[in-house]
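Remarks on the structure that follows.
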């Protein structure tokens, strides 16, 4: 499925191909902190299909306890999280679903990760596999 999106102020725009069945929820502490919310919802896009259409985002590199680094792209003006850069162990872009124009056309999330970090007041999400 072809998708396109942008940050809140519209300065950063992009397009990509995604599998609408591979939406996931992450409950890790980094996702909670970086979104200012209880979890993050993402969908993967291969580097071959991802293309920036307008303006380069700022990149923040987070070093995990394991030592691996992850680049998080965001708008330097409005602060909107846009995507995570590909890494050695995760070769795809991780698009932030909230910025996609086609977000309502994606399927419901297929899985949840880092559920051991899920906030206690976030109830079980029916039908979404926990890994």
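Read-outs: derived from the displayed coordinates by stated rules, not from any lab. Keep in mind that this is a model prediction, so the values were computed, not measured.
Is the C-alpha gyration tensor of the stretch 61-108 telling us rounded, prolate or oblate? Criteria: a/c under 1.5 is rounded; beyond that, a/b larger than b/c is prolate, otherwise oblate.
Values: a/c = 2.97, a/b = 1.50, b/c = 1.99.
Oblate shape, in that a/c is at least 1.5 and b/c is the bigger or equal ratio.
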Worksheet entry | Residue with peak Gaussian network fluctuation, the chain [Cα springs, cutoff 10 Å], from 66, 37, 90 | 66
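Quick one: length gained pulling residue 128 to residue 111 fully straight, 0.36 nm per residue minus the C-alpha distance?
Values: separation 17, 0.36 × 17 = 6.12 nm, distance 0.51 nm.
Value of the extension gain: 5.6 nm.
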Worksheet entry | Gaussian network model of the chain, springs between alpha carbon atoms under 10 Å - residue of 24, 32, 44 with greatest fluctuation | 32
Fill in: Gyration tensor verdict on the stretch 1-100 (Cα atoms; rounded if a/c is under 1.5, prolate if a/b is larger than b/c, oblate otherwise)
rounded
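Which whole-number percent gives the relative contact order of the chain, counting Cα pairs below 8 Å spaced six or more residues apart? Walk me through the numbers on the way to the answer.
Numbers: 281 pairs, mean separation 39.3, N = 131.
Relative contact order of the chain: 30 percent.
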